[in-house]
């Protein structure tokens, strides 16, 4: 009997130690633990529960979990929850609960039914984690993804606008296209395009949406007068989020604006003022306050509008803008873009071959750093002379960027263009300079349905390939024609 008694005592001791261990584990765990009876009356909470909710044991024991109810879930949600655990199944889910101070939090719950020897449910154990921070990050990520999708859509609209804007030669049609594009992209009710009157220097409304026709006809602003006049004078964009709180403007000056926010940006070409774009009154349900992103969109359209307005040639000032690069006496980037648009149009109409040759100086920065800017300028002039000497009079030779050159080759297929490119490469390599200089060249021919944008992108890609393959070589669109 003594031995049996000792074994019984040891079993009880082990059981007490086990219970003490389990109790300590539950008390010390970082997870929140709640034990309730079958009716949901709370019998136990651990310290983590107190820290998370702000409630003490004295405030919770004898109550039900409704104490944490946030009002964010429908009655059907709780009905399904109780239906699950009363059927003997484990419930897993995220609940929005409320702390003692009224602050809401997200809790990842596991509620487990506890049964007696007869299989009847006697208690429920709820173990949960506060995942508010995790949910916040998830929401932020979702918002970021939505924002990226939104921005992608807007940029696609801008690119689509860029593809068409250069095709207009009539100022009135161009103005309507610009305004309609802005209204669609920024989702606004009011938009106006003002241009500088070449005789008076005043701003006049050339086209608008959402403005009275009489106002459009009679409205004239001197530089510095009104919002648009201020933008024109300072040549800086203006984003006003709240009219009544912005010291630069006031609701008194803009009584007809429906909403409190607007945008106004100058249309500039080489720092020459051509006009001003004004936008206001966002369409619901969009937020009526314009953002920095909206401003970037309008500035992008303003840059497109500046080049397109130049292409209409209805401003006398634009006739005096040079089309020649002063350093190399080659055509500049502006003339290149206009000429390329024209030649692509001829290609699509007459179906004669058209090629584009792009090139830049290998290691030009190192040459400039070693011998100085004057030597670098001399090098570029020498290359310009080679291009003039080597290429035909019909070819349109342009300085594309710092040490980049581009040549439009009308009536020239890829094989002919490659031979011409090789002549240029060879002549440049023989120049008598501070050190031997080489160039890399990319070559592409125009294809059916190809736009100016597509043509330039493909040409730039071929130049990149020439650089990657070791420089001092030609890379053609047709891989069979690639050469070193």
The residues 396, 195, sorted from fewest to most surrounding Cβ atoms within 10 Å, come out as 396, 195
If one compares the long axis through the Cα atoms of helix 132-165 with the longest principal axis of the Cα atoms of the chain, the angle in degrees, nearest 10, works out at 20
With 0.36 nm assigned to each residue of separation and the Cα-Cα distance removed, residue 163 to residue 402 gains 83.5 nm
Quick note on 137, 55, ordering by fewest other C-beta atoms within 10 Å, gives 137, 55
Quick calc: nm separation of the 7 Å Cα→Cβ label points for residue 147 and residue 200 -> 4.4
When 204, 361 are arranged by how many other beta-carbons sit within 10 Å of their Cβ, fewest first, they go 204, 361
So residue 220 and residue 394, fully extended at 0.36 nm per residue minus their Cα-Cα distance, gain in nm 58.1 nm
So, with points 7 Å from each Cα along the Cβ direction, the residue 114-residue 469 label distance in nm works out to 7.7
Per the rule of 0.36 nm per residue minus the C-alpha distance, extending residue 327 to residue 283 adds in nm 10.9 nm
With the 8 Å Cα cutoff and a minimum separation of six or more residues, the range 333-481 has a relative contact order in percent of 30
Among the range 384-412, those whose backbone N falls under 16 Å of a label point 7 Å along Cα→Cβ from residue 434 are 403
With label points set 7 Å from each Cα along the Cα-to-Cβ direction at residue 423 and residue 86, the distance between them in nm comes to 9.4
With the label point 7 Å along the Cα-to-beta-carbon line of residue 38 and a cut-off under 13 Å to each amide N, the hits in the range 73-100 are 86-88
Rounded to the nearest 10 degrees, the helix 373-390 long axis (Cα) sits at an angle to the longest Cα principal axis of the chain of 60
Measuring from the longest principal axis of the C-alpha atoms of the chain, the long axis of helix 452-468 (C-alpha) lies at a number of degrees, nearest 10, equal to 80
From DSSP H assignment alone, runs of 4+ in the chain each adding -39500 (n - 2.57), the sum over residues rounded to the nearest 500 puts [θ] at 222 nm at -14500 deg cm²/dmol
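Values quoted throughout were computed directly from the atomic coordinates according to the rules given, and no laboratory measurement underlies them. Everything numeric here is computed off the predicted structure, so don't read it as measured data. Note that we place each Cβ from the backbone using ideal geometry, even for glycine, and neighbour counts take in every protein chain shown.
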